[in-house]
Structure formats: C-alpha cells, structure tokens
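Notes follow once the structure below has been shown.
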Amino acid sequence: QVQLVESGGGLVQPGGSLRLSCAASGSAARRYAMGWYRQAPGKQRELVATITYDGSTNYADSVKGRFGVSRDNAKNTVDLQMNSLKPEDTAVYYCNARSLLSSYWGQGTQVTVSS
C-alpha cells in the first residue's frame, strides 16, 4: 500500500509559478513510476507529466516548456514545477504512483490561475 499526499496548490496570477509536491509513504522502497494528472470542472482527468524511478520524464503537449517534474527517491517525493501559468491550467492536480501491479492516487490539490 502506498499513501500519497499532494501539497503546494493555491491561487496564482497568470504568468506566475507554483510548485507542487507529492509525498509518498507506506511502500517507499519500491521503484514506482510517478505521474501528475489534473482535472478541471466538467473535464476528463488528463495526464500532465510522468517520471520514472531513474528520472526519465514525459509531458503533455499543453505543458511542454512550462512545467518540469522531478523526484527525490531518498525522500520519496515528486515535485511539479509549474511556470508561465495560464487560466487553462486551473484544475485539481493529482499525484499517481504506479508499479507493475499496483496504482495509487493522492487526494488532489487545487490550482487556480486567475487575476
């Protein structure tokens, strides 16, 4: 079992930056691939970024060049640095951990981009 807790969400102006963090516990030694997803009201949940245990990353086209995902395996954390934020980035952001057999989700953290 893995527990995931997101933090760092909040209100930010367009063009601003925000850093989200996901802390994992419960099965910390496992080499999980991690991902960030987001869901806006009335929209489907979509993948934002993924990162493997060894640090390989992948991004949705909509956030390429603006967002960066990183992880610290010793601390069992994964971060999402969000720059040049747009109103369309407004959503609840969810952390995901995936192994060969299991997948886990955090409770989400709200990001609102508005002036």
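The values are calculated or read from the model by the stated rules, or taken from the named source; none is laboratory data. This structure is a prediction, so every number in the text was calculated from the model and none was measured. Backbone-built Cβ (ideal geometry, glycine too); neighbour counts: all protein chains shown. The area values use the complete protein model at the heavy-atom level, side chains included, leaving out ligands, DNA and RNA. Shrake-Rupley method; radii C 1.70, N 1.55, O 1.52, S 1.80 Å.
Overview of results
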| item | result |
| --- | --- |
| Residue within the stretch 9-18 that is more than 11 Å from the chain's Cα centre (by Cα), in a strand (DSSP E or B) and surrounded by 16 or more Cβ atoms within 10 Å (Cβ to Cβ) present | yes |
| Residue pairs meeting the criteria (Cβ under 8 Å; at least 6 apart or on separate chains; first surrounded by 15 or more Cβ atoms within 10 Å (Cβ to Cβ), in the stretch 49-62; second assigned to a loop (DSSP other than H, G, I, E, B)) | Ala49/Ala60 |
| Residue list for the stretch 78-113, filter: open to solvent by less than 70 Å² (accessible area, probe 1.4 Å), out of contact with any Leu (no Cβ under 7 Å at 6 or more places or on another chain) and modelled with pLDDT of 95 or more | Val78, Gln81, Asn83, Ser84, Asp89, Thr90, Ala91, Val92, Tyr94, Asn96, Gly108 |
| Strands (runs of 3 or more DSSP E) completely within the stretch 51-93 that count 2 or more residues being under 12 Å from the mean Cα position of the chain (by Cα) and of a type outside the set (S, T, N, Q) | 67-72, 77-82 |
